[in-house]
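Here's the structure we're looking at; comments come further down.
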Amino acid sequence: MQLKDQFRFVRQNMKKNKTRVFMTILATAMGCAFLIVLASVGFGLQKSVVKEMTEQRVITQIDVHGKEIADQGGFRPVSEKDIQIFEKLKDVKAVTRRKMLQQEGNFSIGNYQEPAQTVVANFPSEVKAGLELSAGRLPKGEDEVVVGYNFPLNLAIKDAPDDRYDDKGQLKAEYRYTGKLIGEKLEITVRQLKDGKQEEKTIPLTVVGISKKPTREWAEDRSVFISDTILTEIENFTGTPKGYLLDPNSEVPKDQDIHENSFDEVKIYARNMEAVQGISDQLKDMNYATYSVVNELKEVNMIFMIAKAGLIFIGTIAILIASIGIYNTMTMAVTERAPDIGIMKAIGANPKTIKRIFLLESSYIGLIGALIGTLVSYGISYAVNFAIPLIIKQAFGKETEINIIFSDIPFILPVICIVICYGVTIISGYRPAQRATRVDVLKAMRREV
Amino acid sequence: MITVKKLSHDFVIGKKGRQTIIPILRDISFSVEKGEIVTIVGRSGSGKSTLLNLVSGFIHPKEGEIWISGEKVSNLNEAKFADFRIHNLGFIFQSFQLIPSMTAFQNVELPLILKGINEGERRKQTEEMLKKVGLLDYQDHYPGELSGGQQQRVSIARALIVNPPIILADEPTGSLDSETEEDLLKFIKELNRDLGITFLIITHDDKVAEIGHRTIELRDGRIFEEVRLVCN
Ligand SMILES: Nc1ncnc2c1ncn2[C@@H]1O[C@H](COP(=O)(O)OP(=O)(O)OP(=O)(O)O)[C@@H](O)[C@H]1O
Ligand SMILES: [Mg+2]
């Protein structure tokens with residue numbers, strides 16, 4: 001018997017009891033939609049979390065926090081020597097290392113001022129890691145500095161009122177510094193407590209460059225890059241490493257010298273995402289404390305994997321319940337059609353053919369159900385993503401800042417669902433189909449008389 | 001063409017532990033030659049239908065052998081017998097055994113579908129066959145919309161469509177009036193004469209028995225006598 005004819009048979013048979021077949025398909029579709037929608041929440045949240053994680057950080061970036069000191073269990077900061085080791089590792093593109101001034105430097109140009117983070121960076125490695133300037137050049141002289149893209153945007157007039165920021169948190173244009181910056185004198189003022197009295201020191205600098213706008217919408221770069229020499233000058237004034245501010249209420253920390261000649265922020269950039277794992281593993285073997293999104297992603301993905309498997313499992317139960325309907329429908333179909341089956345067998349229909357026709361019929365029901373379920377679940381998923389932010393807005397009365405995808409249906413999900421549904425259908429359709437082959441010709445023909 | 005050797009059969013009835021064995025056929029041996037019409041007669045309950053069902057493969061014999069067209073069919077399994085049936089045997093039943101949800105055309109076409117013939121070829125052959133039995137105009141009628149005689153002609157068309165060398169018939173005229181019966185018998189004779197189809201027909205009707213070249217009478221599960229009819 002040709003497959004085409006088997007399909008025609010199945011369609012004809014299904015037409016004989018449309019309502020029953022429809023209800024069975026409906027139940028299957030509901031089961032499938034339930035599975036997909038349920039699992040789509042897992043997929044959606046995972047996507048949101050991963051997006052959040054990868055958006056905030058460069059994916060090829062590995063942070064090195066320090067090195068474990070043998071036996072003691074503590075960590076020491078990364079030193080120049082460590083950097084040399086890192087740079088020799090395979091697939092390392094750049095190792096940026098920054099020293100941070102341990103107090104907020106107060107910068108001023110004429111009548112404008114702005115407190116900002118002050119950083120000593122290694123420019124060749126920063127450039128390799130992707131630092132670009134939007135204007136000017138990299139510093140050459142010791143008093144030359146590069147400022148972050150957002151630095152000039154926050155340079156405010158000294159007597160600006162408290163409401164100097166607009167509702168987006170940006171400095172209002174009327175208070176903003178509008179003059180040119182490159183080549184201008186910029187003064188940094190640092191403080192220190194000396195013999196219980198606050199003392200200040202001002203060092204003149206020259207702006208030579210402005211970094212490029214950060215690629216991420218929300219990121220703000222307001223730091224000022226100074227040279228090592230200037231940092232030393234500041235250290236000489238404060239008497240502490242990296243300009244550490246002494247607190248009048250507490251003791252001078254004894255171990256502050258460990259910060260000397262070490263880096264506060266060390267980032268290794270791998271050549272590509274695939275290399276990150278290898279580099280992290282090597283660093284781990286050498287007892288460095290590292291962090292990379294890839295590592296964290298792996299863990300997050302693992303957790304979501306388990307969660308999704310759980311959700312799919314629960315969804316499968318719904319399909320299993322629907323399969324009872326398929327079993328029932330098919331059993332009734334076989335019972336009803338026993339006389340026809342008997343006649344077909346008498347003429348010479350092979351039991352295998354009969355079995356195949358019934359299996360085909362149950363898979364037909366299962367697959368149509370799965371397809372309808374898939375379509376419906378796309379609709380539900382869309383509706384959920386549309387409605388939940390609205391509901392949250394209603395409930396909390398404000399725009400949701402968090403951009404969460406509640407439900408996401410990647411291509412694999414319907415595929416998984418259809419495979420599960422098909423499998424379940426075959427299993428539940430198997431017994432009725434088997435029964436159809438065992439219909440006794442004589443009994444079936446006698447019944448018809 | 002058909003050879004039955006020392007065939008015995010009995011039915012077991014009742015539940016386990018309280019079973020009764022009812023012997024139906026005892027030591028039946030006969031053969032049907034190619035191109036012959038053989039009729040089997042006997043009283044009701046003498047085991048005629050049982051014998052035909054054994055030859056058709058609808059039930060398995062307890063003892064003995066059945067050979068059809070040179071093949072020992074008595075120990076074929078169900079699937080193999082099905083394949084054998086569709087290529088070698090045509091059936092005519094007393095109660096026609098048409099599928100009620102299929103039109104006359106579809107009923108006649110069914111064996112061709114089972115054989116895996118292409119749709120175009122099927123249509124041609126089916127129409128030809130319906131014409132032959134004079135029912136081309138009724139091809140879209142469902143069995144319920146046909147008279148008994150017409151239904152029987154549909155079932156004959158269905159039996160003939162695969163060109164079987166042998167046709168087995170269990171009381172083919174049992175549900176027909178005498179006039180229709182005569183038409184049918186004439187048709188059977190024609191088929192036998194023109195196409196050389198071998199017939200094994202069960203009946204308790206003398207008129208039917210008369211068309212056979214030979215008549216075998218069953219009595220109490222045994223062959224009582226075999227009569228060769230001179231006129232045929
Ligand atoms: N499946 C069965 N189980 C038990 N006994 C059966 C079965 N089929 C038939 N019999 C018995 O076998 C005997 C022969 O039946 P069979 O149908 O072969 O008779 P028959 O000669 O065809 O009769 P009729 O002329 O009335 O059709 C009967 O006594 C019947 O009761
Ligand atoms: Mg009978």
Accessible surface, per residue, of region B:1-129 when the full set of protein chains is kept, probe 1.4 Å, Å²: 46
Buried on assembly, region B:87-104 (at least 50 Å² less accessible surface than by itself, 1.4 Å probe): B:97, B:99
In whole Hz, with x marking every Gly and Pro, tabulate ³J(HN,Hα) for region A:420-435 from phi via Karplus 6.51 cos²θ - 1.76 cosθ + 1.60, θ = phi - 60°. 4, 4, 4, x, 4, 4, 4, 4, 6, x, 5, 5, x, 4, 4, 5
Summarise the accessible area of the protein assembly as shown (1.4 Å probe, protein heavy atoms) by the percent that is carbon and sulfur. 54
Environment charge of residue B:45, counting only residues whose C-beta is closer than 12 Å and scoring Lys/Arg +1, Asp/Glu -1: +2
Where a ≥ b ≥ c are root eigenvalues of the Cα gyration tensor, a/c under 1.5 meaning rounded, otherwise prolate if a/b exceeds b/c and oblate otherwise, chain A counts as prolate
Cβ under 13 Å from residue B:112's Cβ, residue B:112 left aside: what net charge do those residues give with Lys, Arg +1 and Asp, Glu -1? -1
Quick check on the protein assembly as shown: of the DSSP beta bridges with both residues there, what percent are antiparallel, nearest 5%? 75
For region B:2-29 and region A:369-387, what is the centre-to-centre distance using only Cα atoms, to the nearest Å? 62
Contour minus Cα-Cα span, residue A:265 to residue A:17, at 0.36 nm per residue, comes to 82.0 nm
Contact order normalised by length for chain B, with contacts defined as Cα pairs under 8 Å and 6 or more residues apart; what percent is it? 29
Rolling a 1.4 angstrom probe over the protein heavy atoms, how many square angstrom per residue are accessible across region B:134-232? 48
Most fluctuating residue given options A:394, A:434, A:277, as computed from a GNM of chain A linking Cα atoms under 10 Å: A:394
Please name the residues of region A:348-369 whose accessible area, counted over protein heavy atoms with a 1.4 angstrom probe, falls by no less than 20 Å² between the chain alone and the full protein assembly. A:348, A:349, A:350, A:351
Spin-label point model (7 Å from Cα, Cβ direction): what's the residue A:221 to residue B:10 distance in nm? 10.2
Is it possible to state the helix-based mean residue ellipticity at 222 nm for the protein assembly as shown, with each DSSP H run of 4+ residues giving -39500 (n - 2.57), the sum divided by total residues, to the nearest 500 deg cm²/dmol? What is it? -15000 deg cm²/dmol
Name the residue, out of B:22, B:201, B:117, whose mean-square fluctuation peaks in a Gaussian network model built on chain B with Cα pairs under 10 Å. B:22
Which one, A:217, A:52, A:361, has the greatest fluctuation when you compute a Gaussian network model over chain A with C-alpha springs under 10 angstrom? A:217
Where does the charge balance sit around residue A:151 when Lys and Arg score +1, Asp and Glu -1, over other residues with C-beta under 11 Å from its C-beta? -2
How high is the relative contact order of region A:73-271, in percent, with contacts defined as C-alpha pairs under 8 Å that are six or more residues apart? 34
Ignoring ligands and nucleic acids, chains B and A bury, in total, an accessible area (1.4 Å probe) to the nearest 100 Å² of about 2300
Let me check against my output: what whole-number percent is the relative contact order of chain A, with C-alpha pairs under 8 Å and at least 6 apart? 29
Residue A:50 to residue A:93: extension gain in nm, 0.36 nm per residue of separation minus the Cα-Cα distance? 13.1 nm
Could you state the number of Å between the C-alpha centres of region B:53-106 and region A:259-313? 72
Inter-part distance where region A:1-51 and region A:103-145 are each reduced to a Cα centre, Å: 61
Using only the alpha-carbon atoms, how far is helix A:228-238 inclined from the longest principal axis of chain A? Give it as 0 to 90 degrees, nearest 10. 70
Once you've got the Cα coordinates, tell me which of A:99/A:201; A:140/A:194; A:172/A:298 are over 31 Å apart. A:140/A:194; A:172/A:298
Once you sort the root eigenvalues of the Cα gyration tensor of region A:73-271 as a ≥ b ≥ c, which label holds: rounded (a/c under 1.5), prolate (a/b larger than b/c) or oblate (the other case)? oblate
For the table B:34/B:80; A:197/A:267; B:131/B:189; A:355/B:15; A:93/A:284, the rows whose alpha-carbon distance is greater than 26 Å are A:197/A:267; A:355/B:15
How about residue A:47: which aspartates and glutamates have a C-alpha closer than 20 Å to its C-alpha, ignoring those fewer than 8 places off in the same chain? A:55, A:217, A:274, A:296, A:299, A:401, A:408
For chain A, accessible area per residue (1.4 Å probe, heavy atoms of protein chains only), Å²: 53
Kirkwood-Stokes translational diffusion coefficient of region B:1-115, alpha-carbon pairs, 25 °C, 0.890 mPa s, µm²/s: 152
From the phi of every residue in region A:58-64, what ³J(HN,Hα) in whole Hz does the Karplus formula 6.51 cos²θ - 1.76 cosθ + 1.60 yield, where θ is phi - 60° and glycine or proline is x? 6, 5, 8, 8, 10, 8, 10
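The values are calculated or read from the model by the stated rules, or taken from the named source; none is laboratory data. This one's a predicted model, so the numbers in the text were calculated from it and none came from an experiment. All Cβ positions, even for glycine, are placed from backbone atoms using ideal geometry, and neighbour counts span all protein chains on display. Calculation scope for accessible area: heavy atoms of the full protein, side chains included, ligands and nucleic acids excluded. Shrake-Rupley method; radii C 1.70, N 1.55, O 1.52, S 1.80 Å.
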